1. Evaluate the distance, in nm, between pseudo-label points positioned 7 Å from the Cα of residue 62 and of residue 1 along their respective Cα→Cβ axes.
2. What's the exposure ranking of 73, 19, going from fewest to most Cβ atoms within 10 Å?
3. Give me 51, 69 ranked fewest to most by other Cβ atoms within 10 Å of their Cβ, as a rough exposure proxy.
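Since every read-out is calculated from the coordinates, none of them should be taken as a lab result. Keep in mind that what you see is a predicted model, and the values were worked out from it rather than measured. Because the Cβ atoms are built from the backbone with ideal geometry, glycine has one as well, and the counts that use them run over all protein chains shown.
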């Protein structure tokens, strides 16, 4: 019976070592950035003056000094 217990412990130790080698834990803690900081590759978002949808600044259509989400909304103008 004592030999069976030793065998189980050895098998468990081998399994634990193999499991740790395949799935290592996190090496460093990840810190969250505050909301005020934006990633360096982020782009400002603009709100469509017609429908209110937010779109990236590079995709916005500007007309009459306002930002719009599409050419159609730019020709229709601002919401009434």
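1. Once both label points are built, they end up 8.5 nm from each other.
2. Arranged by neighbour count, lowest to highest, 73, 19 become 19, 73.
3. In increasing order of surrounding Cβ atoms, one gets 51, 69.
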